[in-house]
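Engineer: Take a look at this one; I'll ask things after.
The values are calculated or read from the model by the stated rules, or taken from the named source; none is laboratory data. Everything quoted here is computed from the prediction, not taken from an experiment. In this analysis, Cβ positions are derived from the backbone assuming ideal geometry, glycine residues included, and neighbour counts consider all displayed protein chains. Just so you know, the surface numbers come from the protein's heavy atoms only, side chains and all, with ligands and any DNA or RNA stripped out. Shrake-Rupley method; radii C 1.70, N 1.55, O 1.52, S 1.80 Å.
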Amino acid sequence: DLARDLELAAPREEIHLFLFERQGTYEAYLNQYFPKVPARKALFIKGRGPGMVFAYRSGELEIDVRHEATHALLHTSIQDLPLWLDEGLAEYYEVARDERLAGSPYVSGVRWNVRLGYVPDLQKLEKLRDVSDMEKDEYRDAWAWVHFLLHSSATTHRILRTYLAQHAAGEDPGELSTWLRREISDPETQFSLYFRRWNVVQK
């Protein structure tokens, strides 16, 4: 799906997936081998070797694995992806394929916010540098901009693919908000219109 949607190359290295039967075993393992890593329900860890995804059996195992595996797959091609975009893509792809367009739990909240006149500040998201700075609202807003970029128009989709390609090539493409303002008029208004026209979006 990543290769098709984002035109990314096939992974350049293996990804190791560690699945645990019980939460206690999962936590004990991470405490022993990665004591400095913050406690989370699932994790992607990338050191000098292959990327590693850790998760334990829960009611959201598939979501957790898709989210962290998205990070792992992206990082095989792109080493320095902006945090907001890394998390926004992971939030988008954590949902099962048939639900990605309209089945995300973020949909209703984003649409409601747009009706109230709220458009996420992309430049503010671009300033985030540490995952600890991201709360529920930041994850939702990152997802919303990714959804807009992927589905709003052929132009926004192309902008995202080209931006990622430059990152994958080791270049510094700057901020994505700058790209958007250069190629489409008033991205915030376009974002608002996109989520207001949700009946059209779903077709």
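Engineer: With +1 assigned to the C-beta of every Lys and Arg and -1 to the C-beta of every Asp and Glu, and no other charges, what is the dipole magnitude of the chain about the Cα centre in debye, to the nearest 20?
Structural biologist: Working: 26 positive and 32 negative charges, 79 e Å.
In total the dipole reaches around 380 debye.
Engineer: If one puts a single equal scatterer on every Cα of the range 1-101 and applies the Debye formula without solvent, what log₁₀ I(q)/I(0) results at q = 0.11, 0.24 Å⁻¹?
Structural biologist: Each listed q maps to, in turn, -0.33, -1.40.
Engineer: Across the chain, how many lysine pairs, 8 or more apart or on two chains, come within less than 22 Å at their alpha-carbon atoms?
Structural biologist: On the way: 36/46; 41/136; 124/136; 127/136.
Going through the chain pair by pair, I get 4.
Engineer: For the range 63-203, what is the accessible area per residue in Å² when the probe is 1.4 Å? Before the final figure, lay out each step's value.
Structural biologist: Values: 6760 Å² over 141 residues.
Computed with neighbouring chains in place, this is 48 Å² per residue.
Engineer: Another question about this same structure. Would you work out the charge dipole size for the range 5-101 about its Cα centre, treating the Cβ of every Lys and Arg as +1 and the Cβ of every Asp and Glu as -1, and quote it to the nearest 20 debye? It would help to have the intermediate numbers written out before the result.
Structural biologist: On the way: 11 positive and 17 negative charges, 93 e Å.
Dipole size: approximately 440 debye.
Engineer: Helix-derived [θ] at 222 nm for the chain: sum -39500 (n - 2.57) over DSSP H runs of at least 4, divide by residue count, nearest 500?
Structural biologist: Details: 11 runs with 111 residues, N = 203.
Helix contribution divided over all residues of the chain: -16000 deg cm²/dmol.
Engineer: A further question on this structure: What's the center-to-center distance, using Cα atoms, between the range 40-100 and the range 135-173 in Å?
Structural biologist: Here the answer is 16 Å between Cα centres.
Engineer: Also: With a Förster radius of 41 Å, plug the Cβ-Cβ distance of residue 193 and residue 13 into 1/(1 + (r/R0)^6) and report the FRET value to the nearest 0.05.
Structural biologist: Values: r = 41 Å, r/R0 = 1.00.
In this case the efficiency is close to 0.50.
Engineer: If I compute solvent accessible area with a 1.4 Å probe over the protein chains, what percent of it on the range 68-203 is carbon and sulfur? Walk me through the numbers before you get to the answer.
Structural biologist: Values: 3070 of 6560 Å².
The nonpolar share, carbon plus sulfur, comes to 47 percent.
Engineer: On to the next question. Given R₀ = 41 Å, what would the calculated FRET efficiency be for residue 98 paired with residue 33, taking r from the Cβ atoms and rounding to 0.05? Can you show the working numbers first?
Structural biologist: Numbers: r = 36 Å, r/R0 = 0.88.
My answer for the efficiency is 0.70.
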